Amino acid sequence: MKVAGKTKVLVAGVLIAGTLATACSPSQTQSAVHQSGTTIVFWDLFGGADGTTMNQIVKKFNQTHPSIHVQEETQDWGQYYTKLITAVLGGKAPDLAISHVDHIGILKTQGVIEPLDKEAASVGIKWSQFFEPPMKDAVINGKHYAIPLDIHTYLLFYNKKVLQSAGISPSQLNIKSYNDFVSICDKVKGHGYVPLSFGESGWGPLAIWETFYYQMGGTSLLNKAGTKETFTDATNDAVAIKAMQKLYDLYNTSHIIPSNISNPDELFKSGKAAFCIEGTWSVDDFHKALGDQLGVAQMPVFFQQPAAWADSHTFVLPVNPNRTPEQTKDAMVFVKWVEDHAWMWAKAGHIPANKTVQNTPQFKALPYRRNYGSQASFVKYFPMTGTVWMMSDNEILNELQGILLKQTPVAQGVQEMGQILDRQLQE
Amino acid sequence: MQVREAMPTSPAPVSARADSALRMGRLTRVLLYLVAIVLSILWVVPSLWILLVSFKPQGSNVLNVASWFQAPYSVGNYVYAFTHAPILLWLLNSFLVALIVTVLVLLLSVLCAFPISQNRFPGRGLVVFLLALGLMVPGEALLIPFYLLFRSLHMLDGYGALILPSIAVPFGVLLVKQFFDGLSREYFEAARMDGCGVLRMIFMIAVPLARPALAALAIFTFLGSWNNFLWPYISITSPNVMTVPVGIPFFNSSYHTDYTLPATADVIVSIPVFIVYVLFQRHIIRGFAFSGLK
Amino acid sequence: MVGVRKYMPSYLLMLPFLILYLLFTFYPIVRGFIISLQKFYVLGTKEFVGLANYNYLLHDSTFLSSVWHTVIFVVFSVPLLVIIPFCLALIVNAPIKGRKIYQAVFFLPMILGVSVVSSVWSAMLGNYGGLVDAVLNAIGIHQEINWTAQSTQLAWISVLAVTVWWTAGFNMVLYLAALQDIPKELYEAASLDGASGWAKTCFITLPSVKRVTILVVFLQFIASFNVFGQIFLLTGGGPAGATTTIVSYIYEKSFSEFLFGPGAAASYILFFILLIVSLIQLRLMSKTE
């Protein structure tokens, strides 16, 4: 450590200069490529396989459209809407953005997005080409605010090798009820594997509760006007509590889910778990890790009727006074191109919202897709409102986690979730 | 930052002290070594582990302790991280912002503190009161007004937003003022008699004398800026303007199911800082040793 | 007026800083107070509501628990971050081989920054792959503990441990500076009187670091009350909101729910708490002088 003063400054200088040189070079090459034509700043929240797939789509589009440069900026999933709203209100809005379809109500309330009927029509996007479920939420007061990209939903993934070693034939895997599932899992547990790899925090458990709730015949979580929750009403109350109890049991009674797995995907990928409930976005990622050991099934009917949590990514136009009409049009050209090539997006695992893509040879060639393509017919979304998005509502998620961590009794917790939701719908 | 030469009265560094003054029993000595080594291991292991993990191929199984010490290793993560995120740019932004903030804080603090310390001008009490008031307010409590202010200035998501709130902090002024207060006024009276201008007085007499305090302030400010998280996290959305504390979570959020890539990003941003730190370690300790902070 | 002209150079010297200060610190303080009395819609409209936002906070259990959590964190972190750094400083100040290396090692996390520290420790503390559990498994404790999320206690222990690991080096350097300033004659005189090493530590070292201890406590109080980054990145305020602190609450209210009124009011309550703590500290400081 006895370096002379000048040498130190020199070393530090070389380090900083080196950083400077390397740091600046990629952005320079980028800017050189798209000096002519328009630049579209496009925000999304895609990580993992989603992120890689969208990277490729954007790259391909930029290659085939020399006059348009789409600049993709991926923001942190957990803070995405915070970032989007602060950016739009702060005058730094992107030109085009991704939003979950059940979140556009809040974005409209906050003055963050604008209707895009005319813009979509100008590039020939027809609303009839999309599946029904995402389209329902894409319209507010008769105006379209979102162009659906996909339907993403929870699937049941399984590890064939693990099931076999527990004496269960994967080809005859047929889960007809909750109890069925629990007894299969018990067998797996006896062989030293983790039965079901699933997290205990975040929105995941809420989505399972919602799935159970609808499978048990619960009706809509909110009233028609979207002003009051209805799952603690006389008609639904028992169902909501029972659904929660069944979820609670998975963690605390049958111990099918070990408490608090910090990284459920990683655990399943390591081959130590038999099942994993995860989103369509993991199909590709899991396949890479497990290869032929991977099995993919649609969400089993655990109770009376089929239902599965789902959501949709959609394209929205953020309010951005700096966006020129030309940029708006080019953004729509990009959207139209992605919709037409939605089989590329399906590579990440999602069901394309554009029905016409289902018949393309490229889509048909993708693995596993026929195992769950029909799930689009029974998907259930969280309600879209102008004030609350349950999936990222900390108060509701904390209440739910409190139940699963045995801090709050199940029935009381469900009541309190209702109260929190009601209060927030009024705010 | 050659503080030592500036302080003729500085005590000798500890290594030169007579060991007899600090002589310890054999048991104490053994204990001391044991504690020092155990603690050092605790402090250094996380960084070493992350270094190992960063060389494991993407998606590899890190669940088994033994697997960290076995091949395969690869530099693939580094190639990927460099090509998929402007990590070095974040490092550069952090360096530049911290450097600019530090230089400006030093300059402005000195200029502002000198008259407050040496002159009894009308309104002095008010100025001191205003500054003391600001001393108590943490930046965390001003997020909303910052956001609205920088929005109306059209300066969100830029270097201005990263730099300005950090330099308008009264801590430095009050620290330097306190140090100036302790200097003999005769110095300056004599200089004034010789027709020495105020600026010359500040930079030729006051600043050299205040070097210890300024060194401490510089380190304090630099580290504060380097570790600044919340306000940059709110105000910066473009990857190219991000600093390391904002960029790392931004990068990690895309790879939250993976251990190896976040580890790689951690290593990339840490190595240059580590080298610079090792080079200047002596000065950092000494900066505090002779400051008025104690 | 003569006075003003005479002191013109003084005003000019202060001007650059004062302009920045008024614009970027003083004005935000005033503006924040006004917003805390308003119902403030991000889209631009606002109306005066008096103390309604403060009233809202006093009845918001999430806010009250966030204050409580912050107090818990302060109560545990301040002593830890005074005692441990002091001990570290004693170690690296002792005449042992390689103390420069130990010193570098203890200070290192401080320069890594909060995000790298949190990122490293998230990987360390997770189960099914984290280093801590892996080590436990290797020594025969077959438990998969998710340190940051499994229970309130473990989450707090994790946050405290990471905070100590991250910032102890900084306070250590402050202590080290003070230790190196103790005249060695004191120790020599004590040695001649036959004092043992421990006695010298108790009767010379401890009294000599009194002033720096007050400074460290003061700085640590402020830092601990403002705790945010490592919690946000490690536990996200969980499990079930058990590690939500005042600053996380302010962030959530202001930039997730965009309720600027309550957000600003919570900021002012934080400010008020810090003001009281600082005043008490200043009194203590002036007493010791």
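The values are calculated or read from the model by the stated rules, or taken from the named source; none is laboratory data. As the structure is a prediction and not an experimental result, all values here were calculated from the model. No Cβ is skipped: glycine too gets one built from the backbone with ideal geometry, and neighbour counts run over all protein chains shown.
Points worth noting:
- Some residue of segment B:66-88 being within 8 Å of chain C (Cβ to nearest Cβ) and touching a residue at least 12 places away in the same chain (Cβ under 8 Å): no
- Boolean, A:His144 is within 26 Å of the chain's Cα centre (by Cα) and touching a residue at least 60 places away in the same chain (Cβ under 8 Å): no
- Answer from B:Phe274, B:Phe288, B:Phe280, B:Phe203 - the residue that is more than 10 Å from every other protein chain (Cβ to nearest Cβ) and either at pLDDT below 85 or over 29 Å from C:Phe232 (Cβ atoms) (or both): B:Phe203
- Subset of segment C:230-258 that is part of a helix (DSSP H, G or I) and among the charged types (D, E, K, R) - its residue that is nearest to the other protein chains (Cβ to nearest Cβ): C:Glu252
- Where a residue in segment B:271-287 is touching a residue at least 24 places away in the same chain (Cβ under 8 Å) and its partner, wherever it lies, is in a helix (DSSP H, G or I) and of a type outside the set (A, V, I, L, M, F, W, C), with Cβ under 8 Å and at least six apart: B:Pro272/A:Thr19; B:Phe280/A:Lys8; B:Ile284/B:Tyr277; B:Arg286/B:Arg4; B:Gly287/B:Pro212
- Qualifying position, being within 12 Å of chain B (Cβ to nearest Cβ), of a type in the set (A, V, I, L, M, F, W, C) and within 30 Å of B:Ser40 (Cβ to Cβ), among C:Leu12, C:Leu80, C:Leu18, C:Leu90: C:Leu90
- Single match in A:Phe231, A:Phe268, A:Phe303 (criterion: buried (at least 23 other Cβ atoms within 10 Å of the Cβ), at pLDDT 90 or above and over 20 Å from A:Gln419 (Cβ atoms)): A:Phe268
Here's the yes/no breakdown for (1) closer than 26 Å to A:Trp389 by Cα; (2) without any contact (Cβ under 8 Å) to a residue 24 or more places away in the chain:
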site	(1), (2)
A:Gly271	no, no
A:Ser282	yes, no
A:Leu290	no, no
A:Leu294	no, no
A:Ala307	yes, no
A:Leu317	yes, no
A:Pro325	no, yes
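- Restricting the search to helices (runs of 4 or more DSSP H) fully inside segment A:348-418 and requiring at least 1 residues that are of a type in the set (Gly, Ala, Ser) gives A:394-404.
- Test result for B:Leu148, in contact with a Cys (Cβ under 9 Å, 6 or more places away or on another chain), in a helix (DSSP H, G or I), within 26 Å of C:Val247 (Cβ to Cβ) and within 8 Å of chain C (Cβ to nearest Cβ): no
- Taking every residue in segment A:104-126 that is surrounded by fewer than 19 Cβ atoms within 10 Å (Cβ to Cβ) and pairing it with any residue that is assigned to a loop (DSSP other than H, G, I, E, B), at least 6 positions away or on another chain, the pairs with Cβ-Cβ distances below 6 Å are A:Thr109/A:Gly386; A:Gly111/C:Leu43; A:Glu114/A:Val319; A:Pro115/A:Tyr145.
- Pair list, Cβ < 7 Å and 6+ apart or interchain, from segment C:263-276 residues that are over 18 Å from C:Leu37 (Cβ atoms) to residues that are outside any helix (DSSP H, G or I): C:Leu274/B:Met136; C:Leu274/B:Pro138; C:Leu275/B:Met136
- Contact map, segment C:94-119: first residue surrounded by fewer than 24 Cβ atoms within 10 Å (Cβ to Cβ), second residue among the hydrophobic types (A, V, I, L, M, F, W, C) and in a loop (DSSP other than H, G, I, E, B), Cβ cut-off under 7 Å, separation 6 or more or different chains; pairs are C:Lys100/A:Met1.
- Single unsatisfied condition, C:Ile101 versus (1) of a type outside the set (S, T, N, Q); (2) within 12 Å of chain A (Cβ to nearest Cβ); (3) in a loop (DSSP other than H, G, I, E, B); (4) more than 30 Å from B:Pro232 (Cβ to Cβ): (3)
- Test: residue in segment A:299-307 that is farther than 24 Å from A:Asp180 by Cα, away from chain C (no Cβ under 14 Å) and of a type in the set (A, V, I, L, M, F, W, C): no
- Taking (1) modelled with pLDDT under 95; (2) within 29 Å of C:Leu154 (Cα to Cα); (3) more than 10 Å from chain A (Cβ to nearest Cβ) in turn, C:Ala266 satisfies each apart from (1).
- Positions within segment B:245-269 being over 14 Å from B:Ala81 (Cα atoms) and surrounded by 24 or more Cβ atoms within 10 Å (Cβ to Cβ), in sequence order: B:Pro245, B:Val246
- Set side by side, the residues B:Gly134, B:Gly139, B:Gly182, B:Gly195 differ, and just one is modelled with pLDDT under 90, of a type in the set (Gly, Ala, Ser) and at positive phi, which is B:Gly195.
- Residue satisfying all of: in segment A:175-208; out of contact with any strand residue (DSSP E or B) (no Cβ under 9 Å at 6 or more places or on another chain) and of a type in the set (Phe, Trp, Tyr); farthest from the other protein chains (Cβ to nearest Cβ) among these: A:Tyr178
- Against the numbered list (1) over 30 Å from C:Leu219 (Cα atoms); (2) assigned to a helix (DSSP H, G or I), C:Gly50 comes up short only at (2).
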